[in-house]
1. Using a Debye calculation, one point per C-alpha and no hydration shell, please list log10 I(q)/I(0) for the stretch B:112-260 at q = 0.17 Å⁻¹ in order.
2. As I understand it, the dipole of the protein assembly as shown uses +1 on the Cβ of Lys and Arg and -1 on the Cβ of Asp and Glu, about the Cα centre. Which of A:S157, A:I126, B:V10 lies farthest toward its positive end?
3. Given R₀ = 60 Å, FRET efficiency for B:R243-B:K6 by Cβ-Cβ distance, to 0.05?
4. Provide the per residue accessible area, probe 1.4 Å, for the stretch A:175-218, rounded to a whole number of square angstrom.
5. Can you pull the one-decimal nm distance between simple spin-label points at B:E264 and B:Q183, each 7 Å off the Cα toward Cβ?
6. Please state, to two decimals, what the Cα-based radius of gyration of the stretch B:5-48 comes to when divided by 2.2 N^0.38 Å (N = residues).
7. So how long is each side of the stretch A:203-323 along the principal axes, counting just the alpha-carbon atoms, biggest first, in Å?
8. If you bin every alpha carbon distance in the stretch A:138-206 into 10 Å steps from zero, what whole percent lands in each bin?
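The values are calculated or read from the model by the stated rules, or taken from the named source; none is laboratory data. Nothing here was measured: the structure is a model prediction, and the numbers come from that model. Here the Cβ positions follow ideal geometry from the backbone for every residue, glycine too, while neighbour counts run over all protein chains shown. To get the accessible areas, we keep the full protein, side chains included, count just its heavy atoms, and leave off ligands, DNA and RNA. Shrake-Rupley method; radii C 1.70, N 1.55, O 1.52, S 1.80 Å.
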Number of protein chains: 2
Amino acid sequence: MPISIKDVAVKAGVSPSTVSRVLANNPRISPQTSERVRMVLKEMNYHPNEIARSLVRQRSRTLGLILPNAIDQFFLNPFFPEVLRGISQSARKLGYDLFLSTASQGLNDVERLDQMVQSKRVDGVILLTVKLDDPLLKHVQDTHVPAVLIGRSPGQSMVASINNDNKRAGYDATMHLLRLGHQRIGFIGGSPELILTIDRLAGYAQALSDGNVRFDPQLVTSEEFLEEGGYTGMMKLLALPTRPSAIIASDDVLAFGAMRAAGELGYHIPQDFAIVGFNDIPLAKIANPPLTTMNVHIFELGEGATTMLIDQIANRPGRSTESQIVPHDLIIRRSCGAWNPTNNLLSHLPQ
Amino acid sequence: MPISIKDVAVKAGVSPSTVSRVLANNPRISPQTSERVRMVLKEMNYHPNEIARSLVRQRSRTLGLILPNAIDQFFLNPFFPEVLRGISQSARKLGYDLFLSTASQGLNDVERLDQMVQSKRVDGVILLTVKLDDPLLKHVQDTHVPAVLIGRSPGQSMVASINNDNKRAGYDATMHLLRLGHQRIGFIGGSPELILTIDRLAGYAQALSDGNVRFDPQLVTSEEFLEEGGYTGMMKLLALPTRPSAIIASDDVLAFGAMRAAGELGYHIPQDFAIVGFNDIPLAKIANPPLTTMNVHIFELGEGATTMLIDQIANRPGRSTESQIVPHDLIIRRSCGAWNPTNNLLSHLPQ
DNA sequence: CACCATAAAGCAAACGATTGCGCACGCGGT
DNA sequence: ACCGCGTGCGCAATCGTTTGCTTTATGGTG
């Protein structure tokens, strides 16, 4: 039913090879023939069968996206659409399509990757691997498919990756609170398996140390990576004999949960607590109060992963292991009390 | 480099056809041979080349997802991840993969569809078509690819579709406010091109009429489909000589913008204004106050679209035009004042 | 012992493109 | 008149599967 290159060839009175070469702008085809074929092409509204093309070319101009196994929870965080937007946009710009790994119900992630790669449907994969010891990771190193990891620090693996400097980001966020005079700073993190939790916490500890503040394990809580988790984390911190005066949440969604908990107990932000989040999700700007947060440029994360991957596919013979760091910057809003310099009374809050 | 069916055949001492038939569980292969081949299959960790398969089978077990052209704005609304989650989950369950149309930079949506379909990479498409006269729509009717539309009411086209009964939902939301005693009810909608805006507004008008309340065009505003739009819409309504006592926002995100506007001007929800949103996004439950909203079951929308499409691909000879309606239900929280029956004083509020 | 079902597995032709190689033709140089 | 070469195009193999048809082996029957 659909028209093939052969149909076009017949109609144009040439061989399929010639049509193919016209499509490829091969200079060995005379301008006249080329023109005639092009007319027929338009006339028949021909579009090449990409499946057949992929088969003979041995590449599909398609990128595979592998989402973490805890996919449902992941979908709920605004991180996901934003990174997908970055990936999708730059893939489009570079002429690549996107393939989402979802099929193969019974298979685990490793088998899914195997299948996606061996089935030749994708030229490379982007992995959103957020947990510390993801079995996918070992596996992607063995197989030799071009790959880029999002959310994993360079040096942690033999695979190219892109990430923020989360330790540094945690450091900077904490330092900001220290400079505002806070001494007891709580840390609400996601699951301790999450790399970003670990890294940001490390930065937090480092900053404390540099600021000569004792690290108190009581002030660190790790929760489910949802608003609800931030809520319960904050409740725990508020139940402490000596409460923190400031909170670092390793994700904006957690921060919102924390703010809700504080609000329910009658506290006010930032008067009673300073709060700093991570990610700068759209909501952060419009929350009440607007949330001070570490902008980690999620979109750029997706964008960078895509360009790195395509570069790898197109230019690298083997597989590059080079990595990239996306800078972060602290967006100071009202939730930490530093918005208006005149109300920096926070440092005098009772502990 | 990668192993093919031929490699397996050689190692197992059979012909490629036999291996293929083993893969297909063809009963004409003896159990002994079958077993032997299966061993080799595992041993070599063979995975079929799906590209080659698709070519000969003329189907790819892949679904194409076509997002609206205003893709960036769309990504920001929590609707998107949720519908994608529904699609992705049920596609996975049914053994289908997902293909995102992003490539072909210069092409418009119609050409993108054409290419996706003719390139044979997908067996069918799901279209998120939210605008009233989408050129894609006319086109998808001409081409004969299996397709399902999300966000378009049945009868509006010759293509299968799935949607909420948005008119009815608008009616129900409005009726709820009328029953609470409100007489002046504002409506903050998205762009007037959006079908859901139109439908929900129609339901709103109908309910007003049934409730013997005059429809006042001044109370209807249509804004950008973002939080900011809700904000400016609310500001307009608050500037009216006789302000509304209740607001219907055609999307939760708009509702949040409206709440922010009200808050900035010193008003309180629900004491000063009742607000009802649409979608029941995760945030609605945890907002302050929790938002009364019409749950339209977005996940089911994506799920239903997928099963309908796959059913069409697998069973229907031509293309079905059957449609499906996903029910809605009003989630009553605090923002409309009806949470606690004792504070239904709203009807006595000054206008 | 010839004959023929029947079962099991192989042969080869697709699917729709790409591409190395070769052929025909025309033209300029010797 | 012949050789050589560049140009323009077609032939046919190939990519990795699937599948209709054929072949081979086997065992039962007349």
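1. The Cα Debye sum returns log10 ratios of -0.91.
2. B:V10
3. Step by step, r from the Cβ atoms, then E = 0.20.
4. 41
5. The two pseudo-label positions are separated by 3.1 nm.
6. Relative to the 2.2 N^0.38 Å estimate, the stretch B:5-48 comes out at 0.96.
7. 60, 34, 23
8. The calculated distribution, bin by bin, is 20, 40, 24, 12, 4, 0.
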